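The values are calculated or read from the model by the stated rules, or taken from the named source; none is laboratory data. Computed from a predicted model, the values in this text were never measured in an experiment. Note: ideal-geometry Cβ built from the backbone for every residue, glycine included; neighbour counts use all protein chains shown. Ligands, DNA and RNA are stripped out before the accessible areas are found, and what is left, the full protein with its side chains, is counted by its heavy atoms. Shrake-Rupley method; radii C 1.70, N 1.55, O 1.52, S 1.80 Å.
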Amino acid sequence: MVKTMIELKNADLTLGQAAASVHVLKGMNLTIGTGESVGIVGPSGSGKSTLLMVLAGLERLDSGEITIAGTPLHGLSEDKVAEFRGRNIGIVFQSFHLIPNMTALENVAVPLELANVRNAFEIARQELISVGLGERLSHYPGQLSGGEQQRVAIARSLAPSPKLLIADEPTGNLDAETGRQIADLIFSKQAERDMTLILVTHDASLAARCSRQVRVRSGEIVADGLADSPTQDAGAVRSAVASA
């Protein structure tokens, strides 16, 4: 029986105010099992990146429920959500978001230090070695290639040993070969650590590497199924994922 990592129920979210408001998520329902790799795809403006922000605990719903690893985030304060996210969710962005005046080692260690994790720098060192940057510990982001910067970002996301890894266009700023290497790294780490992976991408070949695709359009899920048959009925797929 597959345990549930993410349960999204009747998720509704409007961004902006008055005439500028946009109804981004419209009563969305989604269940994702532990250890699944899920590609979220759809046209620009479809709501997929906002959905990712909700799943990462970075955007709060107007109404509905979101439960991750058995914890109902919709019932927590902002501080408690941030605390939960720091312990359980790793996030990789398209633009790396490294601190320019800190070394690779410091970039990975700082979130651990803020969470009062013991041996933060040793954990950071081991994570950087694990992503192939053992010789770049003292380098600053400006001294690293785009691919190396994304490896630092991946090491940072993995350092707290998260249950859930979320990646937003992780290869979007990279050339094709470097992007393939970064994708290989993400999928290998997901398998190695038995994490749940949620991936937003415009790259059809990258989405196809996931075990499942969720297609979003106009704030609604319009298809949910195996990566090689994305039009499969959502209910048929979710029936295979039993609640914990």
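Here are the numbers:
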{"quantity": "PHE93, PHE121, ranked by accessible area, largest first (probe 1.4 Å)", "calculated": "PHE121, PHE93"}
{"quantity": "Accessible area expressed per residue, the chain, with surrounding protein chains retained (probe 1.4 Å, Å²)", "calculated": "46"}
{"quantity": "Charge-dipole axis of the chain as Lys and Arg at +1 and Asp and Glu at -1 on Cβ define it, positive-most pick from GLY70, ILE40, ASN119", "calculated": "GLY70"}
{"quantity": "Potential lengthening between GLU65 and HIS202 on full extension [0.36 nm per residue; Cα-Cα distance subtracted]", "calculated": "46.6 nm"}
{"quantity": "Accessible carbon and sulfur surface of segment 4-226 relative to its total accessible area, %, 1.4 Å", "calculated": "49"}
{"quantity": "Gain upon complete extension [ARG217, GLU192; 0.36 nm per residue less C-alpha separation]", "calculated": "5.8 nm"}
{"quantity": "Charge context of ASP12, other residues only, Cβ under 13 angstrom, K/R +1, D/E -1", "calculated": "-1"}
{"quantity": "Net charge dipole size for the chain [Lys, Arg +1 and Asp, Glu -1 on Cβ; Debye, nearest 20]", "calculated": "280"}
{"quantity": "Helix-only [θ]222 nm of the chain, DSSP H runs n ≥ 4, -39500 (n - 2.57) each, per residue, nearest 500", "calculated": "-10000 deg cm²/dmol"}
{"quantity": "Dipole of the chain, positive direction: furthest Cα of VAL22, THR178, GLN190, with charges on the beta-carbon", "calculated": "GLN190"}
{"quantity": "FRET efficiency for GLU135 and ALA19, using Cβ-Cβ distance with R0 set to 41 Å, rounded to 0.05", "calculated": "0.15"}
{"quantity": "Stretch gain in nm, segment HIS74-HIS97, where the contour uses 0.36 nm per residue and the Cα spacing is subtracted", "calculated": "5.6 nm"}
